[in-house]
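Peer 1: Here it is, the structure, as structure tokens.
No lab work stands behind these numbers, since they all come straight from the coordinates. Because the structure is predicted, anything quoted here is derived from the model rather than measured. Heads up, the Cβs are rebuilt from the backbone with ideal geometry, glycines too, and the neighbour counts pull from every protein chain shown.
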Amino acid sequence: MSQTDNPEKVLQQVVRQIEKISDNIERNNIAASTGIIAGLVLNQSIIKRLLKEEIVTNPALKGTGLA
């Protein structure tokens, strides 16, 4: 995401792919990893908005400032 002119658009694309994952544990783990990595280039409000469903249901993100 750091090598693009539009990291928010890239995160939107990633979120659409995450939403297709049927296994809840795998989806939550990938969403958590994505949120943490996205935090290197995007502010938390953008990440929260785009990953809202995954953040709400993911205990791994508690304490990161995203949940």
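Peer 1: Between Gln44 and Ser22, what's the calculated FRET efficiency when r is the beta-carbon distance and R0 is 25 Å? Round to 0.05. Could you put the intermediate results ahead of the total?
Peer 2: Values: r = 28 Å, r/R0 = 1.11.
With a Förster radius of 25 Å, E is 0.35.
Peer 1: Which value in nm describes the separation of the simple spin-label points at Gln13 and Ile37, placed 7 Å from the Cα toward the beta carbon?
Peer 2: Distance between label points: 1.3 nm.
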